[in-house]
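So the structure is just underneath, and the comments pick up after that.
The values are calculated or read from the model by the stated rules, or taken from the named source; none is laboratory data. Small disclaimer: the values here were computed from a predicted structure and weren't measured. When we count neighbours, we look across all protein chains shown, and the Cβ atoms used for this are built from the backbone with ideal geometry, even at glycine.
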Amino acid sequence: ACSSKYVLSQMHPMWQGPLAVPGGDRQSPIDIVVRKSVFDSELKPLVTDYDPDTCQQIWNNGYSFLVEYDDTTDKSTLKGGPLQDKFRLCQFHFHWGESNAWGSEHTVDRRLFPAELHLVHWNSDKYSLFEEAVMEDNGLAVIGVFLKVGKRHEGLQKLVDALPTIRHKDSVVEFTRFDPACLLPTNTDNYWTYHGSLTTPPLTESVSWIVMKQHIEVSHDQLAVFRSLLFTSAEEEVQKSMVNNFRVQQPLRGRTVRSSFT
Ligand SMILES: COc1cccc(N2C=Cc3cc(S(N)(=O)=O)sc3S2(=O)=O)c1
Ligand SMILES: [Zn+2]
């Protein structure tokens, strides 16, 4: 899987600052200014084909919680959209705030959402390992989905029920038969896309971002369970709530955000 071999270092809040990546002119996240996005009629509908049997585990990496998929074959894939190649799903995770007023990484006309889902895929047509793809400028494709607080998300509840078992950093439990397609909005034809980066170290500029226009709804209580997770491991004497695990917005540096819709 794409991150089980690497325990991402706990993100010290300091790194959230405008940490400039040397020569970093395509950093993420960004504010999507709707009226400045450019409609591109060449953009195709997204084609996701996820196999729930490839779901393996859920773990707390000290920054977020990740649901990891077996990415040794092309069983769970993403193609279409802005992409020329086929991409393999390796994990999904979220970013959220300590309150419902903020928490997303991307914004739309400066509008913040309480949380954002990221489905991380790597280019299996061009590379044989995730670790290779993550260093290449067309190596990764991440789907971003905004969360709003509203009705309970039935599909999410299986995941929410597992969170108390991975409260501390570096805890991992088996997690199977979860279909990530249930977390996508009903309309996946309307999205913005731009070239950016990972939003946590190593911040590599290898991501084709695909940000959904339509959000999904989760309940207040479901989101509250996200906030019951901890940044800290069981041994640490001071426990810190896992909240506000989002990066500040980065300069657009002349990039164009394309839209698949008018
Ligand atoms: C060798 O590089 C590696 C190896 C293993 C995992 C990672 N990753 C680190 C951060 C990171 C941040 C993502 S986000 N928030 O932009 O969607 S996705 C992602 S990752 O690819 O899982 C990088
Ligand atoms: Zn993310």
In segment 175-204, which residues are under 23 Å from D109 (Cα atoms), within 11 Å of ligand 1 (Cβ to nearest atom) and part of a loop (DSSP other than H, G, I, E, B)? S197, L198, T199, T200
Can you find even one residue in segment 215-237 that is away from ligand 1 (no atom under 16 Å from the Cβ), within 23 Å of T262 (Cβ to Cβ) and of a type in the set (K, R)? no
Any residue at all in segment 145-168 that's in a strand (DSSP E or B) and free of Cβ contacts under 8 Å to residues at least 60 places away in the same chain? no
Any hit, segment 85-97, residues being crowded, with 23+ Cβ neighbours inside 10 Å, within 16 Å of ligand 1 (Cβ to nearest atom) and not in a strand (DSSP E or B): no
Where a residue in segment 86-112 is over 25 Å from G62 (Cβ atoms) and its partner, wherever it lies, is within 12 Å of ligand 1 (Cβ to nearest atom) and among the small types (G, A, S), with Cβ under 9 Å and at least six apart: F87/A133; F87/A141; F87/S208; R111/S104
Check segment 3-20 and report whether any residue there is buried (at least 16 other Cβ atoms within 10 Å of the Cβ), within 16 Å of ligand 1 (Cβ to nearest atom) and modelled with pLDDT of 95 or more. no
Top-ranked residue of segment 113-144 - restricted to ones that are within 9 Å of ligand 1 (Cβ to nearest atom) and part of a loop (DSSP other than H, G, I, E, B), ranked as farthest from the chain's Cα centre (by Cα): M135
Could you please give the count of residues in segment 154-180 that are surrounded by fewer than 16 Cβ atoms within 10 Å (Cβ to Cβ), farther than 19 Å from H220 by Cβ and of a type outside the set (D, E)? 4
Output the qualifying pairs, or none if there are none: Cβ atoms under 6 angstrom, residues six or more apart or on different chains, first residue in segment 186-208 and closer than 18 Å to K79 by Cβ and of a type outside the set (D, E), second residue part of a loop (DSSP other than H, G, I, E, B) and within 15 Å of ligand 2 (Cβ to nearest atom). S206/V134; V207/S197
Looking at T54, T48, which is the one that is at negative phi, free of Cβ contacts under 8 Å to residues at least 40 places away in the same chain, in contact with a Lys or Arg (Cβ under 9 Å, 6 or more places away or on another chain) and surrounded by 18 or more Cβ atoms within 10 Å (Cβ to Cβ)? T54
